[in-house]
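Laboratory data are not the source of any read-out in this text; all were calculated from the coordinates shown. Values in this document were obtained by computation on a predicted structure and should not be read as measured data. Here the Cβ positions follow ideal geometry from the backbone for every residue, glycine too, while neighbour counts run over all protein chains shown.
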Amino acid sequence: MNIYRFFILLITLSFYSCVEKYDINITNKIDGVVIEASISNISYNKTIAYPSNGRIFQVKLKTLSDVTNTKDEPISRARVTLIDDRGNKVFYIENNRFPGTYTLNNRDFAAVFGVKYKLNIRIPSGEEFESSWETMPVETTEVGKISIEETAINKYIFGINSEKTIKNFEGIDVNIEMPKNNSEDFKYYRWIYKPIWIYIAPLARASSPVKKCWVTDNSYLGHQTLEKSKFSNYKNKLFFLQTTGNYKVYTYFSVLISQQVLSEGFYNFNKDLDKQGNRGGIFATPPFNLRTNYTCTKGDKSVYGYFEVFTENATRWVFDQYKLSYFITDDLLPICIAAKDIPAEPSGCESCIKIIGFPSTSPPFWWKPQRTSANKK
């Protein structure tokens, strides 16, 4: 194998390989629970119209660990109840496939502006937890116009003999026009992202059932963007999207951008979470010293988390490479050809279902063929 092929393989593996997480059995030093729960003004059935696969309101319960490499233990057989100040109660049902996850099965349920809600949880060991009363901060929120700006970033690249060099990668900043704010009060925003892309296996036959996949991956663009603002009509950067050397954008790439208006308390909770480096969410690492609106009303267990009632809206943004001032080169085929005779052939060359993420050979139910600037002409 010559040096050129070896170098190509290193590049390929940087796109297709991942690091497996190993759990170490260490006894928890703190006895407590972590709760992830929220509701909003948008029901499951309305989220389908974004379009998307839909979002169901859930509560996730896990034991607390003070080390980062132990496996989270879900809490099953809990009683989870949503209560409002009008005397109504709604019960969550545990998902049989995902222990410790509890779902509101009413797909038309949505929070109502002006109504207060709280969450009550009783776990099998007898302890009970209850949140404070929470309500939506505003009645509605408008998603502003999405725009892009061409830019570039520098990344370290490790080559042969672990040599580290800096390489420039072109890309775009994806921005949003901030909604109007007719009051002098601050508003607290959060944006989260759910990308999907089409991947075509370069070496698969055209008729192969594993030639083309629709791929999702919650870890890609897995961060949140927070903004505290009392102004409007300015652009706020959401995320950077690499365009050159990024196979995700070669065929089709879109992102469901969810905009949420939060309470000040939940905004500060998420700011503190980010400061701790918790990019993977509240269950990624132990959320020590974070504020919470839960109390343990029966028992003495520690409780971490924040129950939020936020106002949301969303839009699906579709990347259009023909709006760029340069052409994006699909380099997958030459990479796969160069590595074809190497035993450690990169996954994804001959089968799209081997690509990293959650690939499916069938499109999502909301899928419609997308038109770009090129085929509109």
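For residue 64, which sequence-distant residues (separation of 5 or more, or a different chain) have an amide H within less than 5 Å of its own amide H, given hydrogens modelled in the peptide plane?
Under 5 Å from the amide H of residue 64 lie the amide H atoms of 32, 33, 34, each far enough along the sequence or on another chain.
Enumerate the amide H contacts of residue 311 below 5 Å, restricted to partners 5 or more residues apart or on another chain; note that Pro and chain-start residues carry no placed amide H.
Excluding prolines and chain starts, which carry no amide H, the hits are 138, 261.
Sorted from fewest to most neighbouring beta carbons within 10 Å, what does the list 191, 133 look like?
Least to most surrounded, the residues fall as 133, 191.
Can you work out ³J(HN,Hα) from phi for every residue in the range 107-114, in order, using Karplus 6.51 cos²θ - 1.76 cosθ + 1.60 and θ = phi - 60°, giving whole Hz and x for Gly and Pro?
With the stated coefficients, the range 107-114 comes to 6, 9, 5, 8, 5, 10, 5, x Hz.
Please give the charge dipole size of the range 138-225, origin at the Cα centre, charges +1 on K and R Cβ atoms and -1 on D and E Cβ atoms. Round to the nearest 20 debye.
It comes to approximately 640 debye.
If Lys and Arg each add +1 and Asp and Glu each add -1, what is the summed charge of the other residues whose beta carbon sits under 10 Å from the beta carbon of residue 149?
Neighbour charge sum, excluding residue 149 itself: 0.
Do any trypsin sites (Lys or Arg not before Pro) in the range 93-200 lie in a DSSP loop with no more than 12 other beta carbon atoms within 10 Å, and if so, which?
97, 145, 180
As a footprinting exposure proxy, order 349, 296 by other Cβ within 10 Å, with the fewest listed first. Numbers along the way, then the final one.
Numbers: 349 22, 296 15.
Starting with the residue having the fewest Cβ neighbours, the order is 296, 349.
Count the net charge of all other residues whose Cβ sits under 11 Å from the Cβ of residue 210, scoring Lys and Arg as +1 and Asp and Glu as -1.
With Lys, Arg at +1 and Asp, Glu at -1, the neighbours total +3.
For a quick check: with amide H placed at 1.01 Å from N, whose amide H comes under 5 Å from residue 305's, ignoring anything fewer than 5 positions away on the same chain?
So residue 305 has HN proximity to 35.
What does the C-alpha gyration tensor say about the overall shape of the range 209-271? Classify as rounded when a/c is under 1.5, otherwise prolate if a/b is larger than b/c, or oblate.
It is prolate, given that a/c is not under 1.5 and a/b is the larger ratio.
Might you report the magnitude of the Cβ-based charge dipole of the range 110-150 about its Cα centre, with Lys and Arg at +1 and Asp and Glu at -1, to the nearest 20 debye?
Around 260 debye, computed over the range 110-150.
Select from 221, 255, 232 the residue farthest towards the positive end of the dipole of the range 192-307; place +1 on Cβ of Lys and Arg, -1 on Cβ of Asp and Glu, and compute about the Cα centre.
The Cα lying farthest towards the positive end belongs to 255.
Kindly write out, for the range 313-320 in residue order, the coupling ³J(HN,Hα) from the Karplus curve 6.51 cos²θ - 1.76 cosθ + 1.60 (θ = phi - 60°), rounded to whole Hz, with x marking Gly and Pro.
3J(HN,Hα) across the range 313-320, in whole Hz: 7, 8, 9, 9, 9, 10, 6, 10.
Given labels modelled 7 Å from the Cα in the Cβ direction, how far is it in nm from residue 356 to residue 53?
1.9
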